[in-house]
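Q: Here it is, the structure in full.
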Amino acid sequence: MNREKISYFASGFLALGLVPLTAVIVPLYALGIGASPAEVGIIMAMRSLLPFLLAIPGGAMVDRYGVRFVVTRLAFACAVLSLVYPFTTSVFHLVLLQLVFGVCQSFCWIGVQTGIGKTYRGDPIVTSHLGFWSMGGTFFGPFIIGFVWDYLGTDSSFVAAALWCGLMSVLALQLSQEVSGMERSASKRQAVKGDYSQAFGQLRDPVVFYIIACSSVRLGAVSLQTSFLPVYLAELEFSASQIGVLIGISAISSAFSAFLHAVFAKWWSSEKILGVFIVLALMAVSSMSLTESYATLAVLNITMGLAIGVTQPAMFSVLGAKISKDIQGLIVGLRTSSNRCATFLIPLFAGLTAGIISTQWTFLIVGMTLMVLMLATLWIARDRL
């Protein structure tokens, strides 16, 4: 394995792992300076606002200026911003900091995905490794930073986050620096407007439409699980440690099942793998409404984790193999925007459902709604599977 591949996998570990890592320490710090639970929710939501609005021009920026150029600088910016957190003394300052930090982190992850697509063109072995290491980052990041917070304190936690980001910036120096042939507009406003027009125009491409639709449904299922499974388990009077175990085994299953993509790719196309395993994940999350047994819920969470883990490298492979190098970043940005939209709308819909009916049946109702959307997507794309 060459140095560039190792740098991509390590950068994926750090870029995606940074999300749950900061999701541990930022709320704790916010509570420490007197923020209310509602204010903590607003602070954490602000991390996703600009990535939702700017992911498309951000992806196009990666295409224009190169993966190495963008990721090294924005990872360094994340490191600097991490050191600013301990000096914030109000909710307003934290909101502003989260806005900037969120977009820098998101663009780093967009850059890693774009670089893998441009360089390795959907190689299932490479995308499986990226899926494993990036999911591993989401598992180990919170554990590491939680230990630092408990034993070394608040300031040390943000210093550790800065070192995490600084290491990503150094590793990014080994990433590819391939620049697309896209023409640069005379002004930034024209460039951004052109990026949005081009991105939404790409939805006419059946492959792009399929990827965006599948990605949105997939993240919708994940957001349903992560948002309401702890609530449902608490209503069933399971302990916090039992809840943590269920969530943890799902994450571990996702990380290791990423390698299954390379196995299934010997017989099925990545498009088919993506569709089949999203349906399996939806069946698992919907079935959580039908049981109150901890053992059965554990099996369903493992099943969902396995299915979700296979789909991530499948998406990377389709993007890398079927999308032009010149617009890899643009399409990754479009997918990121659609994902952010799904992770906002699905918990909202699920919350309304839980309020009207019950938490237990929310999984079945929302899961089946997503299943209808997924089956419609598969029917539209039936000629490609």
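Let's see how each residue does on (1) in contact (Cβ under 8 Å) with a residue 40 or more places away in the chain; (2) buried (at least 20 other Cβ atoms within 10 Å of the Cβ); (3) not β-branched (Val, Ile, Thr):
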| residue | (1), (2), (3) |
| --- | --- |
| Thr296 | no, no, no |
| Val299 | no, no, no |
| Gly333 | yes, yes, yes |
| Phe344 | yes, no, yes |
| Pro347 | yes, no, yes |
| Gly355 | no, no, yes |
| Arg382 | no, no, yes |
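Q: Also, quick follow-up: Going by what's in this entry, would Ile56 be described as in contact (Cβ under 8 Å) with a residue 24 or more places away in the chain, farther than 22 Å from Thr22 by Cβ and either touching a Pro at 6+ places or on another chain (Cβ under 7 Å) or not small (Gly, Ala, Ser) (or both)? Can you show your working first?
A: On the way: in contact (Cβ under 8 Å) with a residue 24 or more places away in the chain: yes; farther than 22 Å from Thr22 by Cβ: yes; either touching a Pro at 6+ places or on another chain (Cβ under 7 Å) or not small (Gly, Ala, Ser) (or both): yes.
Yes, satisfied.
Q: Considering the range 3-53 alone, what residues qualify as being among the basic types (Lys, Arg) and at pLDDT 85 or above? Let's see the steps before the verdict.
A: Restricting attention to the range 3-53, the residues satisfying the condition of being among the basic types (Lys, Arg) are 3, 5, 47.
Residue satisfying the conditions is Lys5 alone.
Listed here are the residues, each with its yes/no results for (1) under 23 Å from Leu163 (Cβ atoms); (2) at pLDDT below 90; (3) part of a helix (DSSP H, G or I).
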residue: Phe69; (1), (2), (3): yes, no, yes
residue: Ala75; (1), (2), (3): yes, no, yes
residue: Leu81; (1), (2), (3): yes, no, yes
residue: Pro86; (1), (2), (3): yes, no, yes
residue: Val100; (1), (2), (3): yes, no, yes
residue: Val103; (1), (2), (3): yes, no, yes
residue: Phe107; (1), (2), (3): yes, no, yes
residue: Gly117; (1), (2), (3): no, yes, yes
residue: Ile145; (1), (2), (3): yes, yes, yes
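Q: Where residues in the range 162-179 are in a loop (DSSP other than H, G, I, E, B) and among the hydrophobic types (A, V, I, L, M, F, W, C), which of them is farthest from Met61 (Cα to Cα)?
A: First pass over the range 162-179, keeping only residues in a loop (DSSP other than H, G, I, E, B): 175-179.
Next, only the ones that are among the hydrophobic types (A, V, I, L, M, F, W, C) stay: 175, 179.
Details: Leu175: 16, Val179: 10 Å.
Checking each candidate, the answer is Leu175.
Q: Looking at Leu54, Leu74, Leu16, which one is closer than 21 Å to Met168 by Cβ, in contact with a helix residue (DSSP H, G or I) (Cβ under 8 Å, 6 or more places away or on another chain) and surrounded by fewer than 21 Cβ atoms within 10 Å (Cβ to Cβ)?
A: Of the residues listed, the single one that is closer than 21 Å to Met168 by Cβ, in contact with a helix residue (DSSP H, G or I) (Cβ under 8 Å, 6 or more places away or on another chain) and surrounded by fewer than 21 Cβ atoms within 10 Å (Cβ to Cβ) is Leu54.
Q: I'm checking my understanding of the structure. Among residues of the range 357-380 that are among the small types (Gly, Ala, Ser) and surrounded by fewer than 17 Cβ atoms within 10 Å (Cβ to Cβ), which one is nearest to Asp195 (Cα to Cα)?
A: Checking each candidate, the answer is Ala376.
Q: Out of (1) in a helix (DSSP H, G or I); (2) more than 14 Å from Gln360 (Cα to Cα); (3) not hydrophobic (A, V, I, L, M, F, W, C), the odd one out for Lys266 is which?
A: Going through (1) in a helix (DSSP H, G or I); (2) more than 14 Å from Gln360 (Cα to Cα); (3) not hydrophobic (A, V, I, L, M, F, W, C) one by one, Lys266 breaks only (1).
Q: I'd like to check something: does the range 98-105 contain any residue that is in contact with a Cys (Cβ under 6 Å, 6 or more places away or on another chain) and of a type outside the set (S, T, N, Q)?
A: There is at least one residue in the range 98-105 that is in contact with a Cys (Cβ under 6 Å, 6 or more places away or on another chain) and of a type outside the set (S, T, N, Q).
The values are calculated or read from the model by the stated rules, or taken from the named source; none is laboratory data. Owing to the predicted nature of the structure, the values given are computational and were not obtained by experimental measurement. Positions of Cβ are backbone-derived with ideal geometry, glycine not excepted, and every protein chain shown enters the neighbour counts.
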